[in-house]
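Worksheet: the structure to be examined is printed underneath.
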Ligand code: MSP
């Protein structure tokens with residue numbers, strides 16, 4: 001057992017549970033890619049990881065979509081769920097649980113949780129009057145609506161007037177407790193801008209919100225009053241808890257909460273911040289449960305600078321992208337190009353340029369040309385050196401030795417683009433180092449030791465970069481490691497943890513002398529510019 005396996009560090013994280021009104025879009029793919037990178041990074045460090053994703057299947061929006069297709073809601077959900085599973089497969093996402101809110105055990109969890117909140121006196125019957133956006137599944141204030149009477153996000157859909165009896169959750173009761181909680185745990189809402197948003201919302205005073213609907217069948221009945229259906233958001237948030245049940249567990253809160261609760265990180269988009277940063281902790285407080293550690297609200301993706309949407313006809317289909325480009329290419333672009341937390345743009349020309357510059361040229365060519373030089377100048381064998389024999393002033397050694405720590409800091413702070421920058425600063429330094437030290441001339445001058453020192457330093461830097469990039473581009477990292485003579489697959493977490501300890505692999509200078517290198521093969525083929533560029 002190595003130090004990785006001996007650890008009992010745990011990390012649980014979630015994506016939102018995606019609505020199944022339609023096949024997955026790039027926004028869902030974005031959050032899920034980020035979650036996968038974090039999960040892989042934690043696993044590399046020997047954490048036991050619980051990575052939860054899934055689908056949110058109840059409510060009016062889904063019921064209407066199914067009706068429009070002439071399908072029973074469950075049949076509709078089952079169909080759409082397969083496209084989520086297939087997308088995650090194509091994107092090389094390794095989740096641990098897929099939580100569906102129509103799963104049987106979920107009903108028991110929702111019922112038990114509802115009862116706990118009820119027993120606290122936090123649920124009461126009242127009249128709900130106001131505008132409802134079915135696409136958001138949320139009541140809106142009149143001042144939040146556009147001139148056309150829609151919400152700000154779903155501008156092609158009018159909000160509907162509702163005047164009905166609903167059960168309400170006493171959110172207002174938790175105003176003070178929430179304020180104290182945010183003050184005690186400033187890290188709870190990230191980034192800072194989202195935290196400020198929540199704090200200013202809190203300042204306006206929290207209103208109780210309705211947690212049941214009438215005239216809606218598609219959902220779980222309120223236990224004490226089956227004429228009411230539990231509000232889709234109340235039900236969906238609890239999907240994070242149900243996900244924690246093991247397959248053979250009896251579906252009780254006690255079982256679900258026994259191993260992984262509280263969740264360390266909820267990843268969400270900025271439009272569902274209020275639900276996760278205000279409603280959810282208040283619901284948990286009411287039920288007497290510990291609160292999650294962090295909610296991170298990321299930005300929105302645009303396409304060619306414009307908001308993506310069906311009405312504009314400029315949605316970006318993740319399936320289409322993955323039919324044309326590899327999973328690693330897609331993952332790399334979104335991780336490296338967008339500052340996590342801010343809005344980000346997709347532009348196909350830029351996509352191709354970045355991938356060609358970073359993955360094909362800077363990284364791929366570097367490995368290829370270095371292995372080519374090893375073939376020529378070292379009779380095919382790798383350099384016979386050890387890291388200790390590398391001069392302390394070697395520029396790659398200088399950058400390489402502190403790199404893992406810098407990358408660790410970036411990744412822990414969820415600054416993914418900066419982590420990529422750090423790693424690529426080493427890669428770029430390698431290319432510069434080769435060009436400036438010209439091993440081909442040194443070889444002619446019969447300076448074999450110098451040639452080998454250069455090649456060793458470069459190969460070791462590429463190895464380290466590939467290891468640190470493995471959560472982002474696991475397939476490319478695998479190919480690089482294999483060409484460097486290691487038998488590894490970065491998608492096989494057990495194998496990696498067994499044979500490649502984080503501590504060893506993150507050290508610059510871990511590369512063995514006389515490595516068992518293979519012949520150079522291109523790892524990333526240069527992409528053609530898009531036809532309409
Ligand atoms: N079902 C709820 C979540 C319940 S969690 C208990 C939901 N689903 S959703 O499918 O509509 O949205 C899922 C996620 O996609 C949200 O985090 C949302 O922010 C994100 N995105 C939707 N459009 C997006 C972009 N254009 N860009 C980035 N993310 C976007 O809300």
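Helix 175-184: angle to the longest alpha-carbon principal axis of the chain, degrees 0 to 90, nearest 10? Orientation of helix 175-184: about 10 degrees from the principal axis. With Cα atoms as the point set, region 210-250 shows a radius of gyration and Dmax of 12.1, 35 Å.
Taking the C-alpha atoms only, the angle from helix 26-44 to the longest principal axis of the chain is near 60 degrees.
Starting with the fewest neighbours, write out 213, 100 ranked by other beta-carbon atoms found within 10 Å of each beta-carbon.
100, 213
For region 216-281, the spread of Cα coordinates along the three principal axes comes to 36, 35, 17 Å, biggest extent given first.
Pairs of alpha carbons in region 220-343 separated by more than 17 Å make up 71% of all such pairs. Once the Kirkwood radius over Cα pairs is known for region 305-395, the Stokes-Einstein relation at 20 °C and 1.002 mPa s delivers a diffusion coefficient of 128 µm²/s. Per-peptide packing, taken as the mean over residues of other Cβ atoms within 10 Å, places 395-408, 72-85, 226-239 in the sequence 226-239, 395-408, 72-85 from highest down. Sorting 53, 506 from the fewest to the most surrounding beta carbons within 10 angstrom yields 506, 53. So what's region 81-123 giving for Rg/Rh, alpha carbon basis, Kirkwood Rh from the mean inverse pair distance? With Rg and the Kirkwood Rh in hand, the quotient comes to 1.24.
Over all pairs of different C-alpha atoms in region 39-120, the reciprocal of the mean inverse distance, the Kirkwood hydrodynamic radius, equals 15.1 Å.
Kirkwood hydrodynamic radius, region 347-505, all distinct C-alpha pairs: what's the number in Å? Roughly 16.4 Å, rounded to one decimal. What separates the Cα centres of region 218-275 and region 75-140 is a distance of 7 Å.
Ordering 218, 131 by the number of other Cβ atoms within 10 Å of each residue's own Cβ, fewest first, gives 131, 218. Across region 412-525, the fraction of Cα-Cα pairs farther apart than 21 Å, rounded to a whole number, is 42%. Is the shape of region 96-178 best called rounded, prolate or oblate, per the rule: a/c under 1.5 gives rounded, else a/b larger than b/c gives prolate, else oblate, with a ≥ b ≥ c the square roots of the Cα gyration tensor eigenvalues? Oblate.
Here the sum of -39500 (n - 2.57) over DSSP H runs of 4 or more residues, divided by the residues of the chain, equals -13500 deg cm²/dmol at 222 nm, to the nearest 500. In the chain, inverting the average of 1/r over every pair of distinct C-alpha atoms gives 25.3 Å as the Kirkwood radius.
To the nearest ten degrees, helix 366-377 and the longest principal axis of the Cα atoms of the chain are 20 degrees apart.
Computed from the C-beta positions of residue 393 and residue 450 and an R0 of 22 Å, the FRET efficiency is 0.95 to the nearest 0.05.
Every number in this text was worked out from the coordinates using simple rules, so none of it is lab data. Everything numeric in this text was worked out from a predicted model, so none of it was measured. As a convention, Cβ positions derive from the backbone with ideal geometry for all residues, glycine included, and neighbour counts pool all protein chains shown.
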